[in-house]
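Input: a single structure, listed below in structure tokens.
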Amino acid sequence: MKNIVLFGYGKMGSSIANGWLLKKLNFNFYIIEKETLLRENAKIDGFKAFDNIKEMLNKSNVENIDIIFLAVKPQQMLDAIKQFNVIDIEKTLFISIAAGLSFSWFKNKVHDNIKIVRAMPNLPASVGKGVTGYCKSDNLSLNEEENTNTLLNSFGKAICLDNENLINVVTAISGSGPAYIFYLVEVLSKIGINQGLSAESAKILALETLIGSAMLLESSNIDPKILRQNVTSPGGTTEAGLEILASKKNGLFDLLNNTISCAKQKAIYLNSNN
């Protein structure tokens, strides 16, 4: 059975780990977490958790580590990789979800021939509905590719990218995307309140419309453009609203295009400064 070591049990790390538990994956899981409270949380959740990798190796009788899943913040990564001197780096696959740390960064800091996967999950992983874009170095075995796919699909859906640069696009669209959706519900709720609805009613209308529409889109397998056209009666209220939202100038496309571009450029900046 493969041994998987997760570094970091914060919000994203714990969400990912609990996705593994829910799927009952056939791996041995271990958690490395420096913070006592988070480490205890991991134990409560059913994991074997340790302060550092040396302690884990001594106490768990693990002879080899197959995959190290790095869920620590970028600024904590250097401290994490200092622990790798007790493992066989060339026989270990590394999966990182740290924004801004490229393949070349890991090759420079860890090993020139490191087997590395960069992944960008998002917050809905905490409810098993995340989406993850990932790219892999070209030295992974077929078995390692399969294990990566299994792990990343356990807390939602995973998409393998053709090249590393596309991680920046994924970061801007799906990585940051939940915040855009939360803000959409927030804005629709505020507008509802301004139009006379109670705060509770406005939130329910905004949230359930979003959830129901997303579920319909997923279950119907119909192109979103067709669904939009189906619900837009000529001369009706929806058409009147869409004339503003779908305006060729300063409409939703321009607004979101600028939003995604700014987020992508920030991701590129973070990459270039690490």
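The values are calculated or read from the model by the stated rules, or taken from the named source; none is laboratory data. Bear in mind the structure is a predicted one, so any value in this text is a computation, not a measurement. Glycine gets a Cβ as well: all are built from the backbone with ideal geometry, and neighbour counts include every protein chain shown.
Polar (S, T, N, Q), in the same structural domain as Phe69 (by TED's automatic domain parsing) and over 20 Å from Leu25 (Cα atoms) - does that describe any residue in segment 184-197? No, segment 184-197 contains no residue that is polar (S, T, N, Q), in the same structural domain as Phe69 (by TED's automatic domain parsing) and over 20 Å from Leu25 (Cα atoms). Inclusion of Ser96 among residues that are under 30 Å from Thr259 (Cβ atoms), of a type in the set (S, T, N, Q) and either surrounded by 22 or more Cβ atoms within 10 Å (Cβ to Cβ) or in contact (Cβ under 8 Å) with a residue 60 or more places away in the chain (or both) is warranted.
Of the numbered criteria (1) at pLDDT below 95; (2) crowded, with 20+ Cβ neighbours inside 10 Å, the one Lys73 fails is (2).
Restricting attention to segment 238-269, the residues that are touching a helix residue (DSSP H, G or I) at 6+ places or on another chain (Cβ under 6 Å) and touching a residue at least 60 places away in the same chain (Cβ under 8 Å) total 5.
Of the residues making up segment 109-144, those that are of a type in the set (A, V, I, L, M, F, W, C) and under 22 Å from Gln76 (Cα atoms) are Val110, Ile114, Ile116, Val117, Ala119, Met120, Leu123, Ala125, Cys135. Here segment 76-93 is the region considered, the condition is being surrounded by 12 or more Cβ atoms within 10 Å (Cβ to Cβ) and aliphatic (A, V, I, L, M), and the residue that is farthest from Leu57 (Cα to Cα) is Met77. With a requirement of 3 or more residues that are surrounded by fewer than 19 Cβ atoms within 10 Å (Cβ to Cβ) and not hydroxyl-bearing (Ser, Thr, Tyr), the helices (runs of 4 or more DSSP H) lying completely within segment 132-198 that satisfy it span 142-153, 177-194.
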